[in-house]
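S.K.: Can you keep this structure in mind? I'll have questions shortly.
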Amino acid sequence: MSQEKAVAGGDDIVDEESASRALSEQQLVRRQKLAKLQAEGRDPFAQLTWNHSHHSADIKRDFEALENKDVSIAGRVMSFRDIGKAAFVDLQDRDGRVQVYLNAEALGDEVYAHIKTWDVGDIVGVEGFVFRTRRGEISVHAKRMVLLTKALEPLPEKFHGLKDPEIRYRRRYLDLVMNPQVMDTFKKRTLIIKAIREYLDSREYIEVDTPILSTIASGAAARPFVTKSNALNLQLYLRIATELYLKRCIVGGMERVYDMGKNFRNEGIDIRHNPEFTMIELYQAYADYKDMMELCENMVAYAAEKATGSAKVMYQGTEIDLSPPWRRLTMVDAVKEYGKLDFGAVKTDAEAQDIAKKHGLEHELKKKLKDCTKGDILNAAFEKYAEEHLIQPTFIMDYPADISPLTKQKPGDPTMTERFEAFIYGRELANAYSELNDPIVQLERFQQQSRERELGDDEAYMFDEDFISSLEVGMPPTGGMGIGVDRLIMFLTDAYSIRDVILFPTMKPV
RNA sequence: GGGCCGUUAGCUCAGCUGGUAGAGCAGCAGACUCUUAAUCUGCGGGUCGCAGGUUCGAUCCCUGCACGGCUCACCA
């Protein structure tokens, strides 16, 4: 093989590996180059540190001040233009790219010859002075260049990049290297999460960690993941919500708490659902759902400004204005407006069932029609007629009590609750209540959920006896809210799929 | 779970109702001291996702499977 003649040494190692791993020609060439470097005592994997003084963005931003001054940079070789006794290298670091200029005169012929063992994808350190090329490109003229890590696999194509979604999600490191907008999205993700913490911390919220493992997965309607403790010989669930633990913190007197972290729901996977996802739940004593509405719109607008510089964002070609105040609409009014149905005039479940039949709502309902309450049917009508129209941020207020087992009833109407959901682009973003703190009513609601579980609804809320006990100790009137953090990040980064805002989304093994 | 689509070189993609595959980038050899999708000359690189079937012959047609994408359903 001609490459073996061209690059001496290390053939035994290469042959052994190729037998077990079926290396491509390009992988073999790079291993041979590595073996040569190691044989010469220049093993890139023996490098320990590199002191770098600047990142690529610093050099471009502060060019005036840095011109002709020495800098030390490091990064990945993204392209290599060898023109004989000189070469241009595009070096990529955390912030972007900067060009490096190498020539034999500055480096010496012997050192310059080392570039024969460099490839696109390698990680190098460069020391040199900052200058502008004749074509105007801000560059670093290398006086010293050290191979810090050898890439044994070639990078995807430099012009078209990496497109295959399967490789992008499975091998996110390649996606991050090749697609700058991916790096940008995940930097924004950090800014958004930081902004949320800042916003709450500055309002005297305490951030707490509640259990992920527990014997009861309650606080939401969802199927949990099941696991097992060897030490306790006990079946445990991964949490589906943090609600019941955070309310215990309120009972204990913390007054304002939140938990931002992963929840796990053993359900379908699509562009809006990943089995593990980030959720923030927050609870504020002596507040109600109207206070939560104000908190929601202000906090989201704050996060948007911190991450994107504006409260107006473009999402999939539509401008979304997150500036408060957001539109407020009751569920009954939303169904009246978009579905031309007046549930305010409906008195009985039977009347509602007639409407459901007339409007073909059976498909939207989980239960048999005769078991459906007016509340179930109102919710179905809302989902069918109204939800998709809620493009600009909208609070839908006052949900039926039947579908809100942890929520305080509306004064004067026990069939409805003080609950809202925030919708943007037709999708739910937040869910909030005036929290139910009456232990006797809460017990009845749990008992109702247990009956539904016995009837086969394995998403009905699990009964949590200690939570009832905590309410018996006394929870002050409290407003609480949950926000799907990944979904918020989707809006603020214009991401089509939730997989584009989760670094390592859940995938089947190949 | 249903439907549609995809899987060909390291990457991005071609491949004609069937005759065992091409391009660009990347790689290798050579030339070139201001290039930037560098350029020029030459060369190598394939289990056509996997398993069956039809056929003289399958990347191509059929069946099944795997993985992925979109979508509907389920689901916050």
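FYI, it's all coordinate maths here, none of it is from the lab. Worth saying up front: this structure is predicted, and the values here are computed from it rather than measured. All Cβ positions, even for glycine, are placed from backbone atoms using ideal geometry, and neighbour counts span all protein chains on display.
S.K.: To test your reading of the geometry: what angle, between 0 and 90 degrees and rounded to tens, separates the Cα axis of helix A:349-358 from the longest principal axis of chain A?
M.R.: 50
S.K.: Amide H of A:THR478 versus every other amide H placed in the peptide plane: which residues, excluding those fewer than 5 positions away on the same chain, fall under 5 Å?
M.R.: Long-range HN contacts for A:THR478: A:TYR286, A:ALA287, A:GLU435.
S.K.: Using the Cβ atoms and a cut-off under 10 Å, what net charge is assigned to the surroundings of A:TYR169, where Lys and Arg are +1 and Asp and Glu are -1?
M.R.: Here the count lands on +1.
S.K.: In nm, what is the difference between 0.36 nm times the number of residues separating A:LEU48 and A:ARG144 and their Cα-Cα distance? Write out the running numbers ahead of the final one.
M.R.: Values: separation 96, 0.36 × 96 = 34.56 nm, distance 1.66 nm.
Roughly 32.9 nm would be gained on extension.
S.K.: Counting each DSSP H run of 4 or more residues in chain A as -39500 (n - 2.57), what helix-only mean residue ellipticity at 222 nm follows after dividing by all residues, to the nearest 500 deg cm²/dmol?
M.R.: Result for chain A: -10000 deg cm²/dmol, rounded to the nearest 500.
S.K.: What number comes out for the charge environment of A:ASN266, summing +1 per Lys or Arg and -1 per Asp or Glu over other residues with Cβ under 11 Å away?
M.R.: It works out to a net charge of -2.
S.K.: So what's the angle, to the nearest 10 degrees on a 0 to 90 scale, between helix A:180-201 and the longest Cα principal axis of chain A?
M.R.: 50
S.K.: Further, regarding this structure: For region A:119-135, in order, what is each residue's ³J(HN,Hα) by Karplus, 6.51 cos²θ - 1.76 cosθ + 1.60 with θ = phi - 60°, in whole Hz (x at glycine and Pro)?
M.R.: 9, 4, x, 5, 10, 10, x, 10, 10, x, 9, 7, 8, 10, 6, 4, 7
S.K.: Compute the longest continuous run of chain A that contains no exposed chymotrypsin sites (Phe, Trp or Tyr not before Pro); treat a site as exposed when its DSSP state is not H, G, I, E or B and it has at most 14 other Cβ atoms within 10 Å.
M.R.: Result for the longest clean stretch: A:287-495.
S.K.: Per residue of region A:39-48, in order, report the coupling 6.51 cos²θ - 1.76 cosθ + 1.60 (Karplus, θ = phi - 60°) as ³J(HN,Hα) in whole Hz, putting x for Gly and Pro.
M.R.: In residue order, the calculated couplings are 5, 8, x, 10, 5, x, 7, 8, 5, 9 Hz.
S.K.: In the structure shown, do any of A:LYS194/A:LYS247; A:LYS187/A:LYS247; A:LYS188/A:LYS408; A:LYS306/A:LYS384 have a Cα-Cα gap over 30 Å, and if so which?
M.R.: Too far apart for the 30 Å limit: A:LYS187/A:LYS247; A:LYS188/A:LYS408; A:LYS306/A:LYS384.
S.K.: Could you tell me which of A:LEU238, A:VAL130, A:HIS363 has its Cα farthest along the dipole of chain A towards the positive end, charges placed at Cβ (Lys, Arg +1; Asp, Glu -1), taken about the Cα centre?
M.R.: A:VAL130
S.K.: With charges only on Cβ, +1 for K and R and -1 for D and E, what is the dipole size of chain A about its Cα centre, in debye, rounded to 20?
M.R.: 1180
S.K.: Let me ask you something else. Among residues other than A:LYS33 whose Cβ falls under 10 Å from its Cβ, what is the net charge (Lys/Arg +1, Asp/Glu -1)?
M.R.: +3
S.K.: Restricting to Cα pairs below 8 Å that are 6+ residues apart, what does the relative contact order work out to for region A:411-458? Please round to a whole percent.
M.R.: 21 percent.
S.K.: Mind checking the dipole of region A:2-161: about its Cα centre, +1 per Lys or Arg Cβ, -1 per Asp or Glu Cβ, Debye to the nearest 20?
M.R.: 460
S.K.: Using Cα pairs under 8 angstrom and six or more residues apart, how large is the relative contact order of chain A, in percent?
M.R.: Answer for chain A is 12 percent.
S.K.: With every atom except the alpha carbons ignored, what do you get for Rg and Dmax of chain A, in angstroms?
M.R.: 29.6, 92
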